Ligand SMILES: [Zn+2]
């Protein structure tokens, strides 16, 4: 049985959308990690789920007023803990703004 080498797969090019988290350098700073950590320490559950009476562990810290719409990046009163699914729903809504 001949062993053919598998054809080399071309990697799909990484698409960097404008306005995605990757394009925001502040997310890569130690300062952000500290702020994010302190928000999650103070409120470890998803705020959006909590409003519906659900207890879901937050997986990220979201800017309530998006930074690209003028929200303050560092102000903890503009930050809320969210789970991934609530964040996805929120982002989808914001895209329509
Ligand atoms: Zn949630």
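The values are calculated or read from the model by the stated rules, or taken from the named source; none is laboratory data. The structure displayed is predicted, hence computed values, not measured ones. Quick reminder, even Gly has a Cβ in these numbers, built from the backbone with ideal geometry, and neighbours come from all protein chains shown.
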Looking at residue 37, is it free of Cβ contacts under 8 Å to residues at least 60 places away in the same chain, more than 17 Å from residue 89 (Cα to Cα) and either under 14 Å from the mean Cα position of the chain (by Cα) or within 10 Å of the ligand (Cβ to nearest atom) (or both)?
yes
Given the criteria within 10 Å of the ligand (Cβ to nearest atom) and either modelled with pLDDT under 95 or surrounded by fewer than 14 Cβ atoms within 10 Å (Cβ to Cβ) (or both), does residue 85 qualify?
yes
Restricted to region 71-82 and to residues being away from the ligand (no atom under 16 Å from the Cβ) and in contact with a helix residue (DSSP H, G or I) (Cβ under 8 Å, 6 or more places away or on another chain), the residue nearest to residue 41 (Cα to Cα) is 76
Which one is modelled with the lowest pLDDT, of the residues in region 40-70 that are exposed (fewer than 11 other Cβ atoms within 10 Å of the Cβ) and away from the ligand (no atom under 16 Å from the Cβ)?
69
